[in-house]
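Below is one structure; the comments refer to it alone.
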Amino acid sequence: MSNIDMVHKFMDAVTARDLDAYRALCEPTYTLWHSYNQVDMDIETSVRALQMMIRVMPEIEYIDRDIFEAPRGSVIAQYICRGSTILGEAVALHVMLRIFFSERGLVQRIEEYVDSGECMVIRRAGEAQAA
């Protein structure tokens, strides 16, 4: 499977709400870095964040996917994460990822560039659900 195919499979796992498939595509040492807080998340923290997103977004889709090879064996993925929250607010996250792969072809690291302001709609829904 090509790295580009792997990224599609990775995104499809999230839209299908299949976090076991998501986890299976990642190395145990996987890290996810966000531009808005510049913190590395391990796989468990990343899965917990996705669980919250899935709980508060009845439908999630990745649209306008543009995925292409980049230097150092990485892939760039640009897309819009679209849906709505349990509060009825529209979600439109404009995301760019740089994805690095291990020698085994699994996702090793993702650097995610997203506007934190666009993420607030998901956070609000998560806080409302937790209250």
Total charge of the residues flanking Ile43 in space, meaning their Cβ is under 13 Å from its Cβ, with Lys and Arg +1 and Asp and Glu -1, is -2
Checking Gln78, Gln108, Gln38 against a Gaussian network model of the chain (alpha-carbon springs below 10 Å), the top fluctuating residue turns out to be Gln38
Dividing the mean separation of Cα pairs under 8 Å (6+ apart) by the residue count of the chain yields a relative contact order in percent of 24
The alpha-carbon center of segment 115-131 and that of segment 27-63 are separated, in whole Å, by 14
If one builds a Gaussian network model of the chain from Cα atoms under 10 Å apart, the most fluctuating residue listed among Arg17, Arg82, Arg72 is Arg72
What helix-only [θ] at 222 nm does the chain give? Using -39500 (n - 2.57) per DSSP H run of at least 4, over all residues, to the nearest 500, the answer is -11500 deg cm²/dmol
About its Cα centre, segment 3-130 carries a charge dipole, from +1 on Lys and Arg Cβ atoms and -1 on Asp and Glu Cβ atoms, whose size in debye to the nearest 20 is 140
So, relative contact order of segment 63-106 in percent, Cα under 8 Å, 6 or more apart, is 34
The long-range amide H neighbours of Tyr36, using H built 1.01 Å from N in the peptide plane and a cut-off of under 5 Å, are Val114
Counting only DSSP loop positions in segment 46-131, the GluC sites (Glu not before Pro) whose Cβ has at most 12 other Cβ atoms within 10 Å are Glu103
Segment 74-97 scanned against label point 7 Å out from Arg55 along Cα→C-beta; backbone N under 17 Å for 85-88
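Computed from the coordinates by the stated procedures, all read-outs in this text should not be read as laboratory data. Being a predicted model, the structure only gives us computed values, none of them experimental. Counting neighbours? That spans all protein chains shown, and the Cβs are built from the backbone with ideal geometry, glycine included.
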